[in-house]
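> Got a structure here, written out as structure tokens. Questions coming.
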Amino acid sequence: MGVDPVAVCGPVNLETSVPVGAFPIVASRRRKVHGIESHVSGIAWNVAAGLSALGSPVRLTAITGTDRVGRFIRDQLSELPGVDVTYVDLPDSPQTVVLLGGDGSRAVLSDLRAAPSARIGTELDLAGCSAFVPVSIPANLPALARAEEAKTPVFVDIQSVAAVNDPDLEPFCHVAQVLAMSSANIPCSPEEWLRQMGDRYGTPVMVLGLAERGALLARDRGRRIDHVPAAAARVASTVGAGDALWACFVDGYLRSGDALWALERAVVAAAHKVASIGGAQGLITASELQSMGWAPPS
């Protein structure tokens with residue numbers, strides 16, 4: 001299992017990480033810092049790169065610019081093996097600045113430009129794909145119907161959701177066979193949240209990220225919940241950790257059909273990721289996981 005391509009669609013941006021030491025930042029004429037880094041990132045790319053590192057073939061529809069930044073992004077994307085990329089063109093590329101505190105805190109400033117409202121046409125090819133993994137932005141809404149027509153399972157991460165009936169996210173929740181999200185902004189206990197989501201959408205499999213506490217796996221519409229503790233980690237930046245966990249879960253679930261095993265393996269991938277700066281940097285590989293004993297269950 002897991003040998004067919006995984007279709008991923010969403011914005012790809014240039015991400016610049018700036019270590020600021022501590023918050024709040026005091027205004028001054030000039031301040032010297034060490035370790036500013038710029039990398040290609042964005043949820044779609046982070047997930048695609050994570051899947052590629054694990055040996056899953058990827059069909060990426062990248063929403064990015066045709067400007068100078070976009071040309072740099074495209075050069076970088078062309079170098080990753082196992083990822084077949086097509087582009088949805090924007091005049092200006094999305095960009096993100098990440099301010100990193102020395103204690104692991106962060107502030108993320110994103111300018112997605114026109115990416116959320118981009119028009120996706122024939123660039124998206126779902127034929128023969130084992131799953132469709134869209135970023136939950138308006139540009140991907142028409143693609144949900146195409147996935148249904150192609151009978152391609154939809155796996156979607158709705159990120160930091162705060163309401164069960166969020167109108168922007170409901171279309172993704174209604175069609176998802178696997179649904180992931182963060183607990184950062186939920187208004188109740190994680191267990192109650194998963195029960196409410198299960199009651200509203202009937203999603204067979206849900207993953208709720210708990211940051212340093214690991215993650216929850218919910219099945220049977222939120223009535224069967226397992227807690228997977230976080231793995232030990234040296235934290236340089238948490239940016240991209242959720243994407244790394246999601247990519248590893250998708251890969252593991254498609255390969256094994258065992259959601260709990262896939263999540264247990266995925267928290268190891270997230271712990272490995274946070275030791276590096278940059279949303280798509282420091283991703284764990286299939287051989288590294290194999291050496292740690294994470295072979296798919298027979």
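> Looking at (1) buried (at least 18 other Cβ atoms within 10 Å of the Cβ); (2) within 21 Å of the chain's Cα centre (by Cα); (3) assigned to a loop (DSSP other than H, G, I, E, B), can you tell me which one residue 179 breaks?
The failed condition is (3).
> Kindly indicate the residue of the range 61-84 that is within 30 Å of residue 253 (Cβ to Cβ) and assigned to a strand (DSSP E or B) and also most open to solvent (accessible area, probe 1.4 Å) among those meeting that condition.
Looking at residues that are within 30 Å of residue 253 (Cβ to Cβ) and assigned to a strand (DSSP E or B), I get 84.
> So residue 145 fits all but one of (1) open to solvent by 10 Å² or more (accessible area, probe 1.4 Å); (2) part of a helix (DSSP H, G or I); (3) in contact with a Pro (Cβ under 8 Å, 6 or more places away or on another chain); what number is the exception?
(3)
> Sticking with this structure for a sec: Would you confirm, using the coordinates I've provided, whether residue 228 is open to solvent by 20 Å² or more (accessible area, probe 1.4 Å), of a type in the set (Val, Ile, Thr), without any contact (Cβ under 8 Å) to a residue 60 or more places away in the chain and in contact with a Leu (Cβ under 8 Å, 6 or more places away or on another chain)? Write out each step before concluding.
Details: open to solvent by 20 Å² or more (accessible area, probe 1.4 Å): no; of a type in the set (Val, Ile, Thr): yes; without any contact (Cβ under 8 Å) to a residue 60 or more places away in the chain: yes; in contact with a Leu (Cβ under 8 Å, 6 or more places away or on another chain): yes.
Here the answer is no, as residue 228 does not meet what is asked.
> Turning to a different aspect of this structure: Would you point out the residue of the range 1-60, among those that are open to solvent by 10 Å² or more (accessible area, probe 1.4 Å) and of a type in the set (Ser, Thr, Tyr), that is farthest from residue 157 (Cα to Cα)?
Among residues in the range 1-60 that are open to solvent by 10 Å² or more (accessible area, probe 1.4 Å) and of a type in the set (Ser, Thr, Tyr), the one farthest from residue 157 (Cα to Cα) is 28.
> Being part of a helix (DSSP H, G or I), in contact (Cβ under 8 Å) with a residue 24 or more places away in the chain, open to solvent by 10 Å² or more (accessible area, probe 1.4 Å) and in contact with an Asp or Glu (Cβ under 7 Å, 6 or more places away or on another chain) narrows it down to one residue among 245, 260; which is it? Outline the logic, then answer.
Details: 245 fails: in contact with an Asp or Glu (Cβ under 7 Å, 6 or more places away or on another chain).
After ruling out the rest, the residue left standing is 260.
> Give all pairs with beta carbons closer than 8 Å in which a residue from the range 198-213 that is in contact (Cβ under 8 Å) with a residue 12 or more places away in the chain meets a residue that is open to solvent by 30 Å² or more (accessible area, probe 1.4 Å) and part of a helix (DSSP H, G or I); count only pairs at least 6 apart in sequence or on separate chains.
So the pair list comes out as 201/174; 205/253; 209/242.
> Counting just the residues of the range 185-224 that are of a type outside the set (D, E, K, R) and at pLDDT below 95, which one comes out least open to solvent (accessible area, probe 1.4 Å)? Let's see the steps before the verdict.
Filtering the range 185-224 for residues of a type outside the set (D, E, K, R) gives 185-190, 193-194, 196-198, 201-211, 214-218, 222.
So of that shortlist, the ones also at pLDDT below 95 come out as 211, 222.
On the way: 211: 79, 222: 1 Å².
Among those residues, the one meeting the criterion is 222.
> Do we have any residue at all in the range 53-63 that's charged (D, E, K, R) and over 24 Å from residue 128 (Cβ atoms)?
If we filter the range 53-63 for residues that are charged (D, E, K, R), which is where we start, we get 59.
Adding the requirement that they be over 24 Å from residue 128 (Cβ atoms) leaves none.
Among the residues of the range 53-63, not one is charged (D, E, K, R) and over 24 Å from residue 128 (Cβ atoms), which makes the answer no.
The values are calculated or read from the model by the stated rules, or taken from the named source; none is laboratory data. Bear in mind the structure is a predicted one, so any value in this text is a computation, not a measurement. Every residue, glycine among them, receives a Cβ derived from its backbone with ideal geometry; neighbour counts consider all protein chains shown. What goes into the accessible areas is simple: the full protein's heavy atoms, side chains included, and nothing from ligands, DNA or RNA. Shrake-Rupley method; radii C 1.70, N 1.55, O 1.52, S 1.80 Å.
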